[in-house]
Each structure stands twice: as structure tokens, then as C-alpha cells.
Amino acid sequence: MWGGSEPVISARVVLLGMNDVGEFGQNLLYVNPQSLNFANRQGSARNITVKVQFMNGEDPNNAMPVIFGKSSCADFAKEAYTTVVYHNRSPDFHDEIKIKLPASLSDHHHILFTFYHISCQQKQNTPLETPVGYTWIPMLQNGRLRTGHFCLPVSLEKPPQSYSVLSPDVALPGMKWVDNHRGVFNVEVVSVSTIHTQDQYLDKFFALVHALDEHTFPVRIGDMRIMENNLEAELKSSLAALNSSQLEPVVRFLHLLLDKLVLLVVRPPVIAGQIVNLGQASFEVMASIVNRLHKYLDTSQDMHGRNGLLSSYIHYVFRLPSTDPNSPSPGPGGLGGSMHYATMARSAVRPASLNLNRSRSLSNSNPDISGTPTSPDDEVRSIIGSKGLDRSNSWVHTMGCKSDPWGSSPGSAPETMQVKSIIHHLYFTERLESPRKNRFPERFMDDITALVSTIAGDIVSRFQKDLEMVERLNTSLAFFLNDLLSVMDRGFVFTLIRAYWKQVSTKLYALQNPTLESLRLDFLRIVCSHEHYVTLNLPCSLLTPPASPSPSVSSATSQSSGFSTNVQDQKIANMFELSVPFREQHFLAGLVLSELSVILDPENEGMFGLHKKVVSVVHNLLSSHDSDPRYADPEVKARVAMLYLPLIGIVMETLPLLHDFTESHNQWGRPGCLQGAAMGSSGEEAEGEANSLINQTVAAAIAGTATPTPMSRPSSFLLNSQASRPHGSFSAESSRSLLICLLWVLKNADELVLQKWFTDLSVSQLNRLLDLLYLCVSCFEYKGKKAFERMNSLTFKKSKDMKAKLEEAILGSIGARQEMVRRSRGQLERSPSGSAFGSQENLRWRKDMTHWRQNSEKMDKTRAELEHEALIDGNLATEANLIILDTLEIVVQTVSVTESKESILGGVLKVLLHSMACNQSALYLQHCFATQRALVSKFPELLFEEETEQCADLCLRLLRSCSSSIGTIRAHASASLYLLMRQNFEIGNNFARVKMQVTISLSSLVGTSQNFNEEFLRRSLKTILTYAEEDLELRETTFPDQVQDLVFNLHMILSDTVKMKEHQEDPEMLIDLMFRIAKGYQTSPDLRLTWLQNMAGKHSERNNHAEAAQCLVHSAALVAEYLSMLEDRKYLPVGCVTFQNISSNVLEESAVSDDVVSPDEEGICSGKYFTEIGLVGLLEQGASSFSMAGMYEAVNEVYKVLIPIHEANRDAKKLATIHGKLQEAFGKIVHQSTGWELGKRMFGTYFRVGFYGSKLGDLDEQEFVYKEPAITKLAEISHRLEGFYGERFGEDQVEVIKDSNPVDKCKLDPNKAFVQITYVEPYFDTYEMKDRITYFDKNYNLRRFVYCTPFTLDGRAHGDLHEQYKRKTILTTSHAFPYIKTRINIIHKEEIISTPIEVAIEDMQKKTQELAFATHQDPADAKMLQMVLQGSVGTTVNQGPLEVAQVFLSEIPSDPKLYRHHNKLRLCFKDFTKRCEDALRKNKSLIGPDQKEYQRELERNYHRLKEALQPLINRKIPQLYKPVLQVNAHRDSFSRMSLRKLDI
């Protein structure tokens, strides 16, 4: 808006009295004639123009060439004309005349307007232009430039002599005026000037200050004449009136204004022989001006919130004013000249805490004004004292302002001015090179101490009342002390910091307030941003009481003095703890780490909101050290890292609070975990509670029951990832930043120092460190480009959401009043952390604060930016993991000689394996494999005897790497795997353990990994075989043969893999293949378990939760079977028998055959699942899957096995959880079995599928029962299978057989594949129905299914009633549904053929049951009842009840064998008519008046039916009612008449 240097230029112009300001600034005048009214003027004046001239006297020759010319004219002209307005006595003008004002104006300068009538038709002796009027505007009025709107009278005659000093408004005698001296000419004059303020208040102030400088009295301002005796009062009133001045002129003349105000503060004026103290008034005006600038010009602030005008003033313009009134103010040309000090001001209002020496000569007029100072130091003291004290006391208390405009930004005005004053003072007195202790007198040091103490006291006492002001005050104090570190004795400044620290700490001890803690953190952050922060901490000194740091200012000197000493032997404990010696020696670093320790303390819950802030302080410090070229040398960086060694211990203490980055791994195909089970590290196959619907951590947090759990080995992170997290857990961002800081220290710290410290640590502390490293691995895992693209799209979506919210607020759906209430509440409830402080909270609209600054901040990143981010993330991941690897090696070196090395080395291996499981770069993996080989070589017993789980995990990781597409990784992984076998063999001439684990691992990889590459793995196996063949040492042993056997087995598994890949799109075939492989490992429990896990994973992917649950139950049964051989514990299940209530199929897991291996053999049943904890984990997963499948009854059966185990372990927490889940399960059973929920449980639909044709290979002539999701229609499965096999063999090569009749393969086309699909229902014998009561019972443990096929003897499907037969086909499957597969082979088929009369009996029984159900339904359903009734008694029913009766009951059968069927059908009709009558009665009670006719029609139909049936029903067969002598004669007649055909 305004140039930063213009005020200085204008000041120079005024002071030098220059006539031309073109090269420095602007001094322009714009004249706009608007209208003229000559309606009442007599004479000819119709074609009017106005001539405008700028005059410096009355003579016509005094017209000045200052009017800017138009195009194609001279640059400047003496006159300008308006456009002629034709035939109009009252014209309007639209011209603008631009005038270049002289720098210096006098009373004779004026604008002269001459009005002319222009003759359009020139006549003889008639001039072209005829003057018709004159008027003018004097340029100065009471010394001020006249601008604005004028309505001027117009004279008919030329103005008289000396008219220019008067206004035309004055009626001069003897002059003729148009319209009796009324205003008839409207004109506007606008000035754009850097010389004329055009503000009366500024004009008065500058005039008075100028008079003081020049000692010219009296001063004339307007009509006033100010004498010297009343100058003081006028000056004070002028200062007060500056607050009323307009902001625009204040900004234009800001630098000059501030210079004059500073001069009044520093050099009090002498008026009438007395020193007048205007310091306080001047300072208050400065504060008010700064406040206005910050309030109204907030858009001109830089990124740090600093106002550009103030910054440029302090940086370029402000100079320490000379106190000698006769000497010029020191400027660039006068620096280093002699200085003469005169009297100066002290603050009028001082705090009582300032015990200043008062024995100074006092002014006669003002007792607070001291006499002549004794030394130049008093000058600096005056500046610091007056400004600083006024800021914290007189200004704050007397003005009562709500905000501190000085402290509104980093490096804000007052402390910058103070420090600049101090530097000037040292420069002028030539003390910059003198020792720091001798630079300032003690008096001045006392003043500074008192100032800091007072401001700290203000901060502590007022932070709850006026937070915004205190915040700014705190920031300003911090910047002030930061600057003092560069010019004063550092030890003295440290005492000031300590004084502040103690005052805040005392208050914090009494009142645990996060707001005050945040203020202290801000203070510390600013102080520690000093360029010599590292040197100030004495990084190389002994841990002794501190001495003052080097007094050198220059960076080079400071650094050379700081790092020149040798490494000293220090007590290691003191270096890694926040001990008193550490904090004394490394003062600022000690404060930072103390603050970190206090805020991160798990018990300090109130400080939770400051976690991010304090971590960012440390993070930013370390970032600055890392990028600082002064510390690039590794030895120097080690010294810097030494300042932060206690950080390692602090982060170790906060481990339970850190964000758990390992949770993202707890899914299928990633290292998972079981709650409380030691299963995580090896489990590509493990399924944790990550699959549950609600995250347990979240649930615990919502419930408020989470409590901190200390981390302890050997549990490690994976074991506790589902444990309850503490309430104040860190955010992921804060945790990541803190871990980066930790890794930086570990990377740069001296290796020997770390090794010594690790030696002193206890086993639990070392294990905690390893857990921390484990977490670091997860935290810095490379996410890949896709993750960044996903995050980018989410960010963009969020920005659009924020934009929508803003638009909603702007468009008025949120009223101004509600908005104000919301903001005021927001201020009361502001969080104590981070950016919640500051003045932005109470602003409704800030363009630069909105979340969607689309112009300046593009939210949607380009492809190049995303790739760059991914590259940086990859580099960081590699760097972090290499640091972790280095640290692990230091740990190994440290503990290799100790007694407790086993548990520590196990932890090291766990971290190593976890890093292999994550996405890693090839560079890291090469180093990682080298470390792993060294570890196994040095401590083989660790892997093969102690950490058997780790052996399995290592085999899995190595095999995965063996299938890598990168050759170097494969080479290293192959070498590692071969050496692992070799090491195992050397221990016991057998590597059964490794052999078993490699086989299991490959099976696991094959079953779960999506991007598994078989070809690359075959190459790696070939490499291993080559190693074995060329190993000269072991050539004579059985080792090469054993390796060859192993490789052969692995190739066989890979062949299965190929088949599985072929059937990847055929889920049933894939599961069948996996089932076959698992069955092949019946004698190898570890491998069978692996494949069962793989199957469970596949089922879960397809949401077949019931089948996944069965796989887990089978796994648990297998574990129980072998566990019962290993451990004799009564509370454990005795084997598969315990699980048969869950599923009858489980018995196939029994280990009863002779060839089953013993579980205590080497390498057998050594996996993590063959433990009590493993069994519990499998059962818990099984229960979870049953619950997701809706089979809540089975959940109960699983928990029946689990509860005794937890009861034996007295695990009340687990029991509480189980009973809670049981309550939930039974609640759902009740809920879904009553009311409107009835029938909502649907477990599956079953179809018989037969395959025919040689094209189908193994499937030819195979028949299965398929289990499909509930409510699957026949058309759906038909379409799916036809589509799948059509795609495989060709659409014209596959045909679906539409009927359900037996298939004669001879009649089929041998070149085609045929599929027959039939809907089947579960089949139960009558005795079974007694036990299968509930809906669940009728849908669980199903082995028999039935479907019916109608036929006639002549081959047609349907015929008349008397010739309609029906074939029932009952199928029996090899296993009961649900099973570990979704299709099961049919092993038995049975057919029952019903005769026509038997078909009729079944139909009538069915109709009777429907009537009974509809009649007794609760609640009653009238529509259903009427529908059933209509079908029973309606007249239009084809093959209805009457026709059935007429066909089968009209005559007594001639064959005695049919007597009983005839009688049974007769009794069925009797029951049927009774049910019809009940139904009609029920319907009558349900209908309304509108359906009475319908009811009567139904009753008429019923009576007709009853009459027609009456003779048929009453006709009994006499032979059946004779006394029966031979009871057994016809006992079996029904079964004998049923023609049964068995097909086995």
C-alpha cells in the first residue's frame, strides 16, 4: 500500500527544503472542475470553458509550468482548459487536471480559474475567447495544504492586488460577483503527497516538534499563537491527540513520526529552562500507533506475524538518537563520531520491585527526572528502562489494553529496538571488542534483572486473566533474552533465564496448569533458537559447575573454542540422566530435556495436550543441528548428540504411551497377534483381533477403563498391541517425531559411550530399549507411492469439506450472533497446546487463516511431488533401519559377555526379524542378512534351543526373500538359509528343526502370499543345492543328501502351488486342493496346522466365516490332541473328543494311527501354536468367526472348552470378557428368534451339483453338495458355474442340464462338459426331529439332503392325479455341514418312490398344516389366512381337494393292499374339513364390514365342499373294522408298498 522508505524520503525533503521531490516521492494535486451555474449571469455566456493555472503570485507571468501535459504535448504546461460545453449556461465538467506541487509552498501559491465564453461563429471584431468570470483557491490555509470539495463564488472582474492571500469567500469591496456572491462553481481538489500530511493532528505535532528543534517561539498553528510558557501543555495535548489522527497519513509518515517520538523519549525537551518529561506520553502514543497498525493492517504481516512497516523502520531507519541537542543524529556518515550525553528521561511509573539507586541530581520541575548522567551506560539504561518498564507497567496498567501490540510477533518492536540501542551504544563507545563482563555497569545489570523479574512475575500472576497479552509478553521477553545472549555476559543471561524458570516452576508446583507450562515451553523454544545454542551448552566440558562460555561473538571463534577439547572420561550415568551435574553443565539442553521429561511423564495427565508441542521443540532443535554446516564433522556431531543422551531414557519411559504403529500389521498376511498370546512374530498365518468389528483399544478408551501397562520382555510389542492403552496416548505424528529424535541421537552418539551405558543397564531396561527399536521399525516402514496418493486424495477431499463449511458460514446459515457466541465459548475452552493461543481465535474472517487457500497453497499435489515424497520416505525408512541395525549390533557386543544374554539376544532377534517382515530397501536387507548370519553363527544355541519360535519366523522371512525379484536380495537370503541349515546340522548331525520350519514356512507362503514368485524361489533353491554340493567340509556327511531331500520336498510344494495358481479363480477347487495338501500332512501336525490356517485365511477373504471357524476349531482340536500327549493337565481338552459337540467332523484330527509321529521328537510340534496360549488363541479366533457367521450356539460350545482353562489360570479378566461375549451371543439368539426378527437367521442354501464329461478331468462323474450364501437362487449358482466353466472350456463346450432326472452318460456329447444343478433341502428322519428343535439345530451338522422329482410311468414329468408318481432322492455327504470346505462329496444316494395315493396323502397333509399354521399364527395375519382358505375351498381350484377326494375316495380299492392308504386319505380329509371350519371362524373375527360378502362366499363354498365330501369321507372300508386276529398281517403295509431303490 505504502512504500516502506517513503516516510524517510519525505522527512529528508522537509528538512532539506528541497524544491523538487520527483526523484524521492510524490507531491501531486488533482483538480476536478465539476459544475458551473451561470443561469443568473447577465450577458452572453453559453459556450463555456475553464482555464486552470497554478500561480505563485498575482501577476499573469507567475503561472508555473507544473501542469502535466496531454499526449503529443510538452511534459508540463502553465495552463489547462476544460472541454467546451456548447450552448449550456450551467455546464457539467468531466476533466481532471494533474499538477506537480512544489516541495515548498508559500501563502501566495494558489490555483486560478478563469471562465471563458467561446465564439463558435466568429464575427468581425469579436474575439474568439471572452473572459466571463474569475475565482481561485489559496493553496495554504494556516500553513496546511487545502484540499477537498469547494463551492466557490465567481467574480465578474479580475481579482484585485494581493487577492491570493484571501479566500474568494471573503466579499472584497468594489468587486462584482455572479449571483450576489453565491457559490456557483463546484470543484474538487485531491492531493497525493508524501510531504503534506493532510492531517491536522500530525501537522500540529510536527510543527511543535520542529519549533522545539529550532527554538523558534512563538509558534503559529492556524489561528493560534503558542508561546514558550504554554508549549509543554500543547505538546502533551498534541501527543494525546495523535490517537485521533487518520491511519492513512500515520502510515505514510510512520518512520518520521516514530523518530520524533523516540527522540522525545530519549532526549527530553528543555522548555523555559526546565526539562520536561514526555517519555511516558510518547511511549503510550507509540504503543497506540503500533496497536492500530497490527489491528488494521494484519494482511501486511510476514510469515512470522511481523508488521512490515515496523520491521522496516527498526531495521533500516531507527538509529540511537544523540542526546546532545546540538549534534546531529548519528547516521551512516556519523557512526563512530564522538558522543556527548545530556540529560534524559527516566520512567515516571516504576514498579516497586526496582531497587534503583536514587542518589542522582533531580530536575527542579520533575523529581523523577535525573540530572546529567555520569556515563554513556546511563543512555542505554534509559532506553531499556524507559521502554521496557513502560511496557510491563505504565502502559499495561494505565492503558488497560487487552493485547500487547509490541509482543505480537517474534522479534517484535520493543525488544528489537532495545537490543539495537545496546549494539549502537557498544559500537559508539567502542566496547564491542571488550570482555562481556566489562561492557555494562552493575547498575544496568540490576535494572535488567529487575525488569526480567517483574515481567516474569506479571506472566505468572496474570496468565489466567489476560492470556493473549501474557502470551505476547512472554514471547517478547524470550526474544529479548535471546538477543542479550549475543551481547551480554552469558552467565548473567543464564541467571535471568533461571530466575524466570524458578518463578514459573514455583507457580506450576502450586497449580498444575498446562497453559503456564505452554508459556514456559514457548519461552524455552525461542531462547534455544540462538545461533550459538550448542556452544552455550558447553558440549565438551567436564560435568563440573559451569563457567561462563566463550565471550566471542563470531561464529567461527565460538565453534573453535567449543570443540577443541579432547574426550574426557565422564561418569556414564550422569551423561544419560537428567542429573544435577548434567543440567548445570549443559544448561539450556538440560532445560529442554527437563521440560520434555515433565510433559511426557505418564502420571502427568494434565499435560497431555502439550505432547506435540514439546516434541516439536526437540525435533526442531535436532533438525537445525543436523543441517548446520558447523556440525557436519562426525566428531563434532557426536559432541552435539552428547547433549541429548538423556533423551533415550526419557523415550524409554514413555514407551507405553507411544502410538502403536505395529497395529497395522495385525491382519491376514502380516505379522498378527492374539490377545495375550505369544503368536505374533512368526505369523503370516495368524489372525488377531484385528478382524473383530470394533477395535479393542478404541472400545477401552471409550469406556474409560484403559490403564497404563508397562512394557516388559519377553512379551514385546506384538503381544501387547491389543492390551489396553493408557488414556493419554501420543498421536501418531508426535510419536513419529519423538522416535526420529531418538534415532538421531543413537546415530550420532559416540559408540563407546553408548556401549558403556548399555553395560550399566538392567535386563528389563535393555528389553525396553529393544521394544522401542521394534516400534521404530514399524513406524518408519516404507509405505509406497500408492499410500501417498491415497493420503493426497483424502487431504484434497478434506480441503473441499472445509470449503463447503466456509461457504455455509458465509451464505448465512450460521448467523452472526451464533458465530459470536461460538467464538466466545471457543476462547473460554481453548486448548492449552500449540496454536490454540493467539489473537486469531476471535477473528471471524481471515483469508490467510482459512483451510483452503487455493491460490497460495495447492492441496492436490502433482505426480512429481508425490514421487518425491515417496523417495524421501524410502530414504528415511532405509536410514532409520540402518540406525536400528547399528544399535542392535552395539547391544549384541555389550551383552555377549554377560550372563543374561539369552533374553536380550532373543529380543535383538525379534527386532531383526520384524525389520525383515516390513517393506525394506535392498541396501538395508544386505546389511540385515549379514548381521543375522553373524548372530546365528555366534549364538547358534539361541535359535535352535531357546528361541524356537524365532527359528520359524526366520525361515519364513528368508524364504520370502528367496522369492524376491531382486538378485542381490535372493543371493543374501539363499546364503543365510543355507548357513542356517548348516549351523543346525553341525549342532546335532541333523537339521530336522530347520527342515520342518522351512517346509511349514513355504506352505504358509504358498497359501497366503499374493505376490509370491515361484520361479525366483526355484532359482534360490538351486543356489542352496549348489552350496551343499560344493561344501567340502560336509561332503562326507549326510548333510548334502538331507539338503537334497528338503529341496525335493519344497519343489513338490511348489508344484502344488502351480496347481493352486491355475485354480485361483475357482474357489471351490482351490479349497479342495488345499484340503488335499493338508490331508497329505496328516502325519505332520505342524504342516497340517499351517494348511488349515491357510484355508481359514481364504475362507475369511470370501466372508465364509462358518468355514473359517471350522478350520480354526480343527486346528485347535489338532493342537489339543498333541498337547494332551505333551502335558497332562486336567483343565486342558483331552483331544478331539472334547470338540465333537462343536462339530462331528473334528474327530478326523485324532492321532490314533501307528505311523503318527511322537510330539516330543526334534522339530515336531515345536510351533508357537502347540502351547496352551496357542490353543487359547485359536479357540478365541474360532469363537470370533462363529459370531461373525451368526452361529451363536457354536460360540457357546467353543467357550465351554475355553472357560476351564481360564478358570484354572484364575484369569478373571478373560473370564469377564468371555461371559460378556456369551451374554451378547445369547441375547442375539433371543432377539432373532422372537417377534419381527423371526427367521432373520439364514445360514446357507444347498445345491446338488453333478459334473459329467471327460473335459472336466478329476471332476467327471463327481457329485457334490454345495453350500452357498443364504437366499441364493438356483439361477444364480447356475449362472456362476456356467460362466466359470464356460470361460475355462469355451461357452459352447459347457451345458447345464435343466432337469433333476438321473443322468445317462451314454446319451451325452463326449466333447462337452455337463453340469447338473438341483436345489436340495436338509432331510431329517422323524426321530431326529425330536432333537432338532430350533432353527439353528435344523441348519447345523447336516449330512443328509433331499430333493423330489415328479414323474409318470409313461415318461412324462406331470400327469393326472391317478397317474402322478414322485421320486424322493436322499443324499448323504462324507462330512457334515458346515465343514472346512464349502462343497462336500456325496457318498450315498437313496431313492423312495411314492404311489399316486401316497402323493395325494402328502399333499393333503401339507394343506392341512398350512391351514393350521395360518389359523393359529400370532399375531394373526388375515391376508395369509384368506389366501390359504381361497386355495382350500375356492371353486376354481384345479386338482383341488374335491377332485383328489373324487379320484381316490369315490370307490373302495379292489386291492386290499391299498385299504390303509384309502383310510388314511379319508382321515386326512376329515381333519382338513375341520381345519377349514376353524379357519373360517378365525377369518370372521378378523374381517371388517367391507369383507362380509367375501366371508359369506367363502362359507358357501365351504358348505358345498363339505356336502360333496360328506359321502366320500363317511364311507368306511368294512374289512378294516373287523376284529383283527393277526395283528402283524398288515403292519408293514406302508413300507412294503413303498418301492425302495438303493444306489450305493
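Rounded to the nearest whole angstrom, the semi-axes of the ellipsoid equivalent to region 20-171, taken from the Cα gyration tensor as √(5λ), stand at 27, 19, 14, largest first. Straight-line reach from Lys1168: taking Cα to Cα under 18 Å and skipping same-chain neighbours fewer than 8 places apart, the lysines in range are Lys910, Lys995. Max-minus-min Cα coordinates of region 1257-1347 on each principal axis give 49, 27, 23 Å, with the largest extent listed first.
Of all alpha-carbon pairs in region 922-1062, indicate the percentage at a distance above 23 angstrom. That tail contains 30 percent of the Cα-Cα pairs. Loop-only chymotrypsin sites (Phe, Trp or Tyr not before Pro) in region 1253-1291, please: DSSP not H, G, I, E or B, and at most 13 other Cβ atoms within 10 Å. In loop regions of region 1253-1291 (DSSP not H, G, I, E or B), there are no sparsely surrounded chymotrypsin sites (Phe, Trp or Tyr not before Pro). Across region 107-183, Cα-Cα pairs farther apart than 13 Å form 70% of the total.
Dividing the convex hull volume of the Cα atoms of region 164-256 by its residue count, what figure in Å³ per residue is obtained?
Working: hull volume 14.9 nm³, N = 93.
Considering the Cα atoms of region 164-256, their hull volume per residue is 160 Å³.
On a per residue basis, the convex hull of the C-alpha atoms belonging to region 597-657 measures out at 79 Å³. Rounded, prolate or oblate for region 569-633? Axes are the square roots of the Cα gyration tensor eigenvalues, ordered a ≥ b ≥ c, and the cut-off for rounded is a/c under 1.5. In terms of gyration-tensor shape, oblate. Shown here is the pair-distance distribution of region 1185-1338: with all Cα-Cα distances grouped in 5 Å bins from zero up to the longest one, the shares run 2, 7, 13, 13, 12, 10, 9, 9, 9, 7, 4, 2, 1, 0 percent. Kirkwood radius and radius of gyration were both taken over the C-alpha atoms of region 1252-1300, and their ratio Rg/Rh is 0.96. Among the lysines of region 1173-1292, pairs at least eight places apart or on separate chains and with Cα atoms under 18 Å apart come to 6.
Packing, as the average of other Cβ atoms within 10 Å across residues, places the peptides 294-300, 648-654 in the order 648-654, 294-300, highest first. Here the peptides 1498-1509, 184-195, 1364-1375 are ranked by packing, the mean other Cβ count within 10 Å, and the order with the highest first is 184-195, 1364-1375, 1498-1509.
Taking a straight Cα-Cα cut-off under 24 Å and skipping sequence neighbours fewer than 8 places away in the same chain, the lysines within cross-link reach of Lys295 are Lys260, Lys387, Lys402, Lys465, Lys847. Hydrodynamic analysis of region 97-249 uses the Kirkwood radius over alpha carbon pairs. Inserted into Stokes-Einstein at 37 °C and 0.692 mPa s, it gives a translational diffusion coefficient of 178 µm²/s. Between amide H atoms placed 1.01 Å from N, distances below 5 Å from Asn1301 occur with no residue 5 or more places distant or on a separate chain. Each 10 Å bin, from zero up to the one with the longest distance, holds this percent of the alpha carbon pairs of region 1036-1093: 22, 42, 25, 9, 2.
Taking a straight Cα-Cα cut-off under 17 Å and skipping sequence neighbours fewer than 8 places away in the same chain, the lysines within cross-link reach of Lys1061 are Lys1098.
Peptides 1115-1127, 863-875, 438-450 ordered by packing proxy, namely the average of other Cβ atoms within 10 Å per residue, highest first: 1115-1127, 438-450, 863-875.
Building the convex hull from the alpha-carbon atoms of region 869-960 and averaging its projection over directions returns 5.7 nm². The modelled label-to-label distance between Ser731 and Arg1280, using points 7 Å beyond Cα along the C-beta direction, is 4.5 nm. Note that region 1347-1467, at 4 °C in a medium of 1.567 mPa s, gets a Stokes-Einstein diffusion coefficient of 75 µm²/s from its Kirkwood radius over C-alpha pairs. Our coupling estimate for region 904-910, obtained by passing each phi through the Karplus curve with A = 6.51, B = -1.76, C = 1.60 and θ = phi - 60°, is 5, 5, x, x, 4, 5, 4 Hz, Gly and Pro reported as x. Of the cross-linked pairs Lys1368/Lys1470; Lys1330/Lys1506; Lys1366/Lys1464; Lys507/Lys613, those separated by over 24 Å at the C-alpha level are Lys1368/Lys1470; Lys1330/Lys1506. Its alpha carbons considered, region 170-216 gives a radius of gyration followed by a Dmax of 18.6, 49 Å. Measuring r between the beta carbons of His210 and Asp92 and using R0 = 51 Å, the FRET efficiency lands at 0.75.
Each reported figure results from applying straightforward, stated rules to the coordinates on display, with no laboratory input. Worth saying up front: this structure is predicted, and the values here are computed from it rather than measured. In this analysis, Cβ positions are derived from the backbone assuming ideal geometry, glycine residues included, and neighbour counts consider all displayed protein chains.
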